[in-house]
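Below you'll find the structure, written out as structure tokens, and then a few comments.
The values are calculated or read from the model by the stated rules, or taken from the named source; none is laboratory data. All figures in this text were calculated on a predicted structure; none of them were measured in a lab. Neighbour counts are summed over all protein chains in view; Cβ atoms, including those assigned to glycine, are modelled from backbone coordinates with ideal geometry. Surface areas here come from the heavy atoms of the whole protein model, side chains and all, with no ligands, DNA or RNA. Shrake-Rupley method; radii C 1.70, N 1.55, O 1.52, S 1.80 Å.
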4 protein chains.
Amino acid sequence: MSKREDIMIATLDLIDEEGLQSVTFSKILKKANVGSGTIFNYFSSKEELVNEVYKEARVHMGHCLLAGYNSELSLYERFKCLQLNRLQFGIAFPKEFLFIDSYSYSPYISPEIRNLDDAGSTLEVLNVIIEGQKHGIIKEMDSHLCHQLIHGIISSILKGYFVRKYPLSDLQVQQTLEASWKAILV
Amino acid sequence: MSKREDIMIATLDLIDEEGLQSVTFSKILKKANVGSGTIFNYFSSKEELVNEVYKEARVHMGHCLLAGYNSELSLYERFKCLQLNRLQFGIAFPKEFLFIDSYSYSPYISPEIRNLDDAGSTLEVLNVIIEGQKHGIIKEMDSHLCHQLIHGIISSILKGYFVRKYPLSDLQVQQTLEASWKAILV
Amino acid sequence: MSKREDIMIATLDLIDEEGLQSVTFSKILKKANVGSGTIFNYFSSKEELVNEVYKEARVHMGHCLLAGYNSELSLYERFKCLQLNRLQFGIAFPKEFLFIDSYSYSPYISPEIRNLDDAGSTLEVLNVIIEGQKHGIIKEMDSHLCHQLIHGIISSILKGYFVRKYPLSDLQVQQTLEASWKAILV
Amino acid sequence: MSKREDIMIATLDLIDEEGLQSVTFSKILKKANVGSGTIFNYFSSKEELVNEVYKEARVHMGHCLLAGYNSELSLYERFKCLQLNRLQFGIAFPKEFLFIDSYSYSPYISPEIRNLDDAGSTLEVLNVIIEGQKHGIIKEMDSHLCHQLIHGIISSILKGYFVRKYPLSDLQVQQTLEASWKAILV
DNA sequence: CATGAATGAGTCTTCATTCAT
DNA sequence: GATGAATGAAGACTCATTCAT
């Protein structure tokens, strides 16, 4: 594993453990087991390092969201696939998910990075919404608002799960997906 | 206006503009137009200051959430009232809302303050959920998961609005309330 | 009791309890029960306050050292009187004694204050020494060195007593006085 | 010379010049000619730095006190050796001596460091006293009081010398040793 | 005289960053 | 590339001192 990766993994771990605000270089160096100068061979500043970690997490999530996605499927199947993928990404990669969720809307992440390419998954969700509205299945509303709605449901369910408010087995997963679907039907 | 208030307002503004992590005393002092020693006549430490700002925001929100709430109303009316109040609080006081939403679980906020009395609004939401489930209107699921769900929808919609993804006038507000209601129906 | 006295007493107490280095105005104010501005009606600065306390202690000790002193008595009687008075002053006023002892040779006390008039007691001790040397009773040596010798004996005995290394009743007092006398005999 | 040593030397010098209480980092940094962060690569805090300087001084003194000591010598010779060593240490290393003498009981010096092994010199002095008392040479008194007494004489004489009350050449040194010996004879 | 809110220079300390090896 | 000693700007916080009341 390269030093660069060591550093990024240590950074994400520390963000998860202690929060972005208390992550310092010396903690990263100790955890990644590299010298203090090494970091600057890969990242020109702390901000760049954090943004790289953020970008990588976003790209990772972007890929996961489209796993097994097939545009030939029915509207409902496609919707469920996208929503399930999001939920499963959160379950499988809680550190990435929480980092993205917590800092995407914080002043720490600059707007241009917030809006970066996520491998087309956002576009795909918007497509499904707009198509659903054309077919009179999904309620007419701002498509971004609608996207935010179904995203917010997944996100809130995951956060409750992470703090162990409740289990999240198949039953709950199905309930969540259905809830998010019904929420936006006409 | 008292110096104490000046300081608290400047602090909340800065948290909103730059995030809790990058709020420094020197920024607060400049914004509040007070000398560096003055803060310590009112707050024994930075942590106490931030917690005090947090407490005030929570108390403020607590009052707003139950505004006009009437337990004699129909289940749906009560649900809408609670959800609308939360949404409107977020729209009217975005700084308070985001601060509470982002930092309630940060290590900076002491647990005893985090668990502040919210004037019973959380309890009231749970009551509505349980009552709705008894009457066969709301789907059977862990009541905390359900609460998390409807709260998360509001929170997510507000965050999208704050970064100007879409407008949030009466129409969108009604759509959001309905979506959150439909999400949990049987 | 005047505010001025309140302040000086509080200061000496605090020096005794915590050491000069950790005495702050706010502690003095609290202990003396005066407002923070009041101190500056009496002392132009902290250094002046401490020096006043030091001077007062020195004057106080100066008076005590000559209590019951009678220049008509025999050399030995006069010597014993001066030494006993010093010992008893230390026992009766440990705070004053320790403050003087600790800070007289520290850089904190300026030389001119260190050498202030002590009501003639130093002079009297030197007189006894010189007279004793003339009569061939006391060994020939620098009179200041001799003075420092007998002072040092009292001082060291008292410091051991203060930290409860041993009791200091009549027997030990007599032993100490005799030891200091014999130390300088021819 | 290493930075660490530079810092420790500058610290001891400043303690001597201005007293422990007014030693600040900025003064140390200027005197040692190092950057402000450098200190913390070697000492985790100011207290640790001061304690380290204290420890080094104590170890240094411990070696000097027993220089040339030979337990086969006569009681008087052994006594004189110990006393002379202490006096000469004070003359040769006034900064170390005064620092130890003034601050051993200050709250700044941690107790475990205060009770450092002094290489057995204290024990050796007590041995001489007790042996002298057994042989009827030294007066019967609490051995700690006796130790305090002869130590205090040296300390007092040195302090007078440091403020230039008198010279301290061989003659005065011999007189001091004799006085301290006679002070405790039967 | 007495007060205490307000002040800001100065303290210790942290931490991202540089640079010689 | 990799290292870590050295750095100094910036941070939280203290405290003697001022001044309007």
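One table, with the values for the structure above:
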read-out: Residues (near DNA strand F (Cβ under 9 Å from one of its atoms) and not charged (D, E, K, R)) located in the stretch B:26-38; value: B:Ser26, B:Ile28, B:Leu29, B:Gly35, B:Ser36, B:Gly37, B:Thr38
read-out: Unique residue being in contact with an Asp or Glu (Cβ under 8 Å, 6 or more places away or on another chain), within 15 Å of DNA strand E (Cβ to nearest atom) and not charged (D, E, K, R) when the list is D:Phe99, D:Phe43; value: D:Phe43
read-out: Scope the stretch D:38-70; condition without any contact (Cβ under 8 Å) to a residue 24 or more places away in the chain and either among the small types (Gly, Ala, Ser) or surrounded by 17 or more Cβ atoms within 10 Å (Cβ to Cβ) (or both); matching residues; value: D:Ser44, D:Ser45, D:Ala67, D:Gly68
read-out: Within the stretch B:119-141, considering residues that are among the polar types (S, T, N, Q) and either over 16 Å from B:His151 (Cβ atoms) or touching a residue at least 12 places away in the same chain (Cβ under 8 Å) (or both), the one surrounded by the fewest Cβ atoms within 10 Å (Cβ to Cβ); value: B:Thr122
read-out: Residue, most open to solvent (accessible area, probe 1.4 Å), within the stretch D:159-186, restricted to residues that are among the charged types (D, E, K, R) and under 17 Å from D:Val128 (Cβ atoms); value: D:Glu178
read-out: Matching residues in the stretch C:28-37 - criterion: being touching a residue at least 24 places away in the same chain (Cβ under 8 Å) and more than 8 Å from DNA strand E (Cβ to nearest atom); value: C:Ala32
read-out: Counted residues, the stretch B:39-56 - those being near DNA strand F (Cβ under 8 Å from one of its atoms) and hydroxyl-bearing (Ser, Thr, Tyr); value: 2
read-out: Single unsatisfied condition, C:Gly35 versus (1) part of a loop (DSSP other than H, G, I, E, B); (2) open to solvent by less than 70 Å² (accessible area, probe 1.4 Å); (3) over 20 Å from C:Asp13 (Cα atoms); value: (3)
read-out: Single residue of B:Tyr161, B:Tyr166 found to be in a loop (DSSP other than H, G, I, E, B) and of a type in the set (Ser, Thr, Tyr); value: B:Tyr166
read-out: Residue within the stretch C:99-116 that is hydroxyl-bearing (Ser, Thr, Tyr), open to solvent by less than 60 Å² (accessible area, probe 1.4 Å) and farther than 20 Å from C:His147 by Cα present; value: yes
read-out: Helices (runs of 4 or more DSSP H) enclosed by the stretch D:56-155 - at least 3 residues per element that are at pLDDT 95 or above; value: D:75-92, D:94-103, D:121-134
read-out: Residue within the stretch D:8-15 that is loosely packed, with under 15 Cβ neighbours inside 10 Å and assigned to a helix (DSSP H, G or I) present; value: no
read-out: Pairs where the first residue, in the stretch C:3-27, is more than 12 Å from every other protein chain (Cβ to nearest Cβ) and the second is among the acidic types (Asp, Glu) and within 15 Å of DNA strand F (Cβ to nearest atom), C-beta under 7 Å, 6+ apart; value: C:Met8/C:Glu52
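Matching residues to (1) under 20 Å from the mean Cα position of the chain (by Cα); (2) facing chain C (nearest Cβ under 7 Å); (3) among the hydrophobic types (A, V, I, L, M, F, W, C):
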{"site": "D:Gly152", "(1), (2), (3)": "yes, yes, no"}
{"site": "D:Ser169", "(1), (2), (3)": "yes, no, no"}
{"site": "D:Gln175", "(1), (2), (3)": "no, yes, no"}
{"site": "D:Ile184", "(1), (2), (3)": "no, yes, yes"}
